[in-house]
Amino acid sequence: MSSPALFVRVAVLLAVLALAFSEDLYQVLGVSKGASTKEIKAAYKKLAREWHPDKNKDPEATDRFTKINEAYETLSDEKRRRDYDNFGYTTAQEQNKPRHPGGFGGGGGFPFDDFFGPGFGFGGFEFNGFGSRQATSIIDKHLTTLRNFETKLQPESHKKPCFVYAFGNFCFNCMRMEHIIEKFIEELENVGLCVATVHVHRNPDLASHLRIHNIPGLLGVVNGRVTHMKIEYISLQHLRDFVRQLFPKTTLKRLKDTEADTFLNNWRNNLVTAIVFSPRSEPSARFLAPAFFHRDRIAFAYVCTSVDDGLELMKRFNVNKRRETLLMFNEDTSSPLATISMQQLSHSTMEDVITSNRFLSLPRLSSQSVFDELCPKEPKLKRRKLCVALVTNKIEEHDVHREKFRQFAMSISLKLNPDRVRFVYLFEEVQQKVIQALTKGNSTRTTKVLEVAIIWHQDDRRVSYEFLEQGWSLDDDGLAVSRAALQKRLTELLETDHLLPYRAIMPDFYNEHALSLLTRMYYKIYDWGDRIWFFLAGYHPTTYIMTFMAIGMLASMSFIIKKMAEAEEADVRRQMRSARKPPRPPSSTPDNQTIHLYELRDVTFNNLVKEADTGLTIIVLVDEDSKDKLLRKFAEIMQPYSRYSALTFGFMRLEYYIAWYQHLLETSLSNKVTLNSINIRNCIGTVLALNGYRKYYYIYHPRRAQKWICSQSRSVGQAMGFMDSDSDSDTEAHREAENDDVLFVNELLSGLPIWMDRVFDGSVRKVRLDYWPEM
């Protein structure tokens, strides 16, 4: 007989024997094979309470309780129940069950998938997306998208960490490690952790969002932050260690005997305490997952039973060091609130125990989420749920009154429906906004009492409430009256349709557990630093060297260009300063009462004429004898024009610069005519209006100058504009003709005002030059 056939027969024989000698799980729970999930759960709760080792002293109670848990874990899960109905596998046998979905009948026969696995070339040749993997692969079942990750997985990672596996097309490394990933995903599902897979080629947006650069990729998402695993060598243990490291170090505190009492007093921080005992040196993800999920309500600690740090604690609470044990405590730290001990604690069993005992006997309303959970919304009157809140102060003197209120709550819970009445307390100075909202019905007390508010949470914001009329007495004599009055009022409200008299819009409770602003800022900065570090760590060192070299080169070039630009700008400014024309001298004083007359000579020529800006420099020609009289008359005529800043007034002495005047006249005629024997007396009183910038001038000529110029040549007079008359006075002309040798100083400038008007209206001819002759 061949080896495969022998293997099949042995497997079938073992399965038949296991079914024959194992107790039927349906009979263990006392339900029929067609029972619904709800019926199975109800039967489990009833039997679990009956056979719990803490309540049942029967020697077989522990084994019976273990069998009940095994039956519930198998039959409450659809897949496990189907496997049990078809093949007889239970959760206790799952560790030895061969996982080969491709065998005979799909139920675990001959391991074809392992025999023709990766590397053989047949069934394992899948290429992760283009091969023969079935659509029901566990990896394909957990495929996610960017929208699902952002809206569900990432927000839920604050309660349930998520393991992410990234793969893609034609990835041989993905194909080699796929069987390990599938087994690990099954483990994570069993401990209640989130699992997601990403096909980087089908979802490139999600791959980019998760900063996945290489495949295969292994990631963890905790508290919204993404952590990448460095893939060097992959095994199940490496994956377990990676997931375990995702949890914050404070998730499961390592507890020693010396710290036990301090830890158990966490109920003062409004937290239930839970201690997990296990022989393992490191806590399993089975313990870390519920500790992280319930960290807002329960403080978890871990004790390794194989070391001596917790011997006194194990002896104190009678813990078997060879079994896994979970102890939960409320305000009474002398004995556990709940105890469960098994060879291996399952996730579902721990979750049931933790959920049922996650609140103290008298919890504090410390946040809005606590209020919503302890005092759930119920709009219907007949099913309303009441929250009985003792209003206290955050002082030691009120500890005794809170303890008495707690004892009353525990004693009355047996008489009232605990699902409809919840006893709580709050700190008045911390929850001031809530207390202020409940203003009606809180009358001024004549005796010392603590207020007791009975609250019915109707919807998101509205509540109905009243304050206990007697209040909660601080004296032992009045305490009995307060207890009786409160019990009577609660009974009336639960058994009748009496309404609470007052209504209010309830503000949000102040979150006493919220991190401070500085702490939140620190975590935010740390998160961004981690993101930046991950981004930088993803590149080869050569990339950084080249980047720094490029940055250095750019900085050097920028510095050189900046210096060159600054030098060029300084040079341009220097040239502009050298080329800039000096400002035109002022024509008068600021009040326009005194006119300034400047002498035109060699040292002032550039400033007044050659380099002067746009405008006119009006110069009168004088000699030593006529200077004073002519300048006085000239200033008198020019006084009205002195208010114009574009005009400058001056004089030139002919005895010094007659040659320049002659040169100016000859230049005006392009040096075609030579003017000989100029008589200074013939030129006195001539006025030149010089535009040095545009190289032209106007000339005013007294009769003497006009007569002398015309005597030289009639064409010269016409060219210079001397045929124009500034005065039509025949008397003046006759007098000059008769007295040719007499100089009438007062009459030389008589035509100047008319000439100035003609200059401004443009009727005087301009005499243009190619250049200004030097003086």
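List of remarks:
- Cα-based shape type of region 558-700, given that a ≥ b ≥ c are square roots of the gyration tensor eigenvalues and the cut on a/c is 1.5: oblate
- Calculated FRET value between residue 646 and residue 575, using beta carbons and R₀ = 25 Å, to 0.05: 0.45
- Charge tally in the Cβ shell below 11 Å around residue 694, where Lys, Arg are +1 and Asp, Glu are -1, residue 694 excluded: +2
- Spin-label model, residue 189/residue 525: points 7 Å from Cα along the beta carbon direction are separated by 4.5 nm.
- In region 631-679, inverting the average of 1/r over every pair of distinct C-alpha atoms gives 13.3 Å as the Kirkwood radius.
- Of the solvent-accessible surface of region 378-444, computed with a 1.4 Å probe and all protein chains present, 50% belongs to carbon and sulfur.
- The apolar share of the surface of region 565-685, taken as the fraction of accessible area on carbon and sulfur atoms (1.4 Å probe, ligands and nucleic acids excluded), comes to 48 percent.
- Within straight-line cross-link reach of residue 256, aspartates and glutamates at Cα separation under 13 Å, skipping those fewer than 8 residues along the same chain: 308, 309, 312
- Once the Cβ-Cβ distance of residue 42 and residue 321 is raised to the sixth power relative to R0 = 35 Å, the FRET efficiency obtained is 0.50.
- Computed over protein heavy atoms with a 1.4 Å probe, the carbon and sulfur contribution to the accessible area of region 304-368 reaches 43%.
- The Cα-based radius of gyration of region 327-417, divided by its Kirkwood radius, gives an Rg/Rh of 1.01.
- Surface exposure of region 608-692, expressed per residue as accessible area with a 1.4 Å probe, stands at 41 Å².
- Whether region 206-269 is rounded, prolate or oblate, judged on the alpha carbon gyration tensor where a/c under 1.5 counts as rounded: oblate
- Taking a sphere under 10 Å around the Cβ of residue 47 and counting the other residues whose Cβ falls inside, with K and R at +1 and D and E at -1, yields a net charge of +4.
- Projected over every direction and averaged, the convex hull enclosing the alpha-carbon atoms of region 139-188 yields 3.9 nm².
- For region 237-283, with +1 on Lys and Arg beta carbons and -1 on Asp and Glu, the positive-most of 283, 237, 262 along the dipole: 237
- Stokes-Einstein diffusion coefficient of region 173-324, Kirkwood radius over Cα pairs, 10 °C, 1.306 mPa s, in µm²/s: 90 µm²/s
- When region 497-546 is reduced to its Cα atoms, the Kirkwood hydrodynamic radius in Å: 16.0 Å
- Shape index of region 481-615: Rg/Rh, with Rg the Cα radius of gyration and Rh the Kirkwood radius from the inverse mean 1/r over Cα pairs, equals 1.60.
- Just so you know, the averaged projected area of the alpha carbon convex hull for region 553-642 sits at 9.0 nm².
- Positive contributions from Lys and Arg (+1) and negative ones from Asp and Glu (-1), summed over other residues with Cβ under 13 Å from the Cβ of residue 36, come out at +2.
- Normalised by 2.2 N^0.38 Å, where N is the number of residues, the alpha-carbon radius of gyration of region 376-509 equals 1.00.
- Links that overshoot a 23 Å alpha carbon limit, given the list 672/695; 41/67; 253/377; 404/433; 377/433; 41/152: 253/377; 404/433; 41/152
- Across region 270-424, counting alpha-carbon atoms alone, Rg and Dmax equal 17.6, 56 Å.
- Pairs of C-alpha atoms in region 256-339 farther apart than 16 Å represent 48 percent of all such pairs.
- Region 206-361: antiparallel DSSP beta bridges as a percent of all, rounded to 5: 60 percent
The values are calculated or read from the model by the stated rules, or taken from the named source; none is laboratory data. Since we're looking at a predicted model, the values are computed, not measured. Note that we place each Cβ from the backbone using ideal geometry, even for glycine, and neighbour counts take in every protein chain shown. Each accessible area value is taken on the protein alone, full model and side chains, heavy atoms only, with ligands, DNA and RNA left out. Shrake-Rupley method; radii C 1.70, N 1.55, O 1.52, S 1.80 Å.
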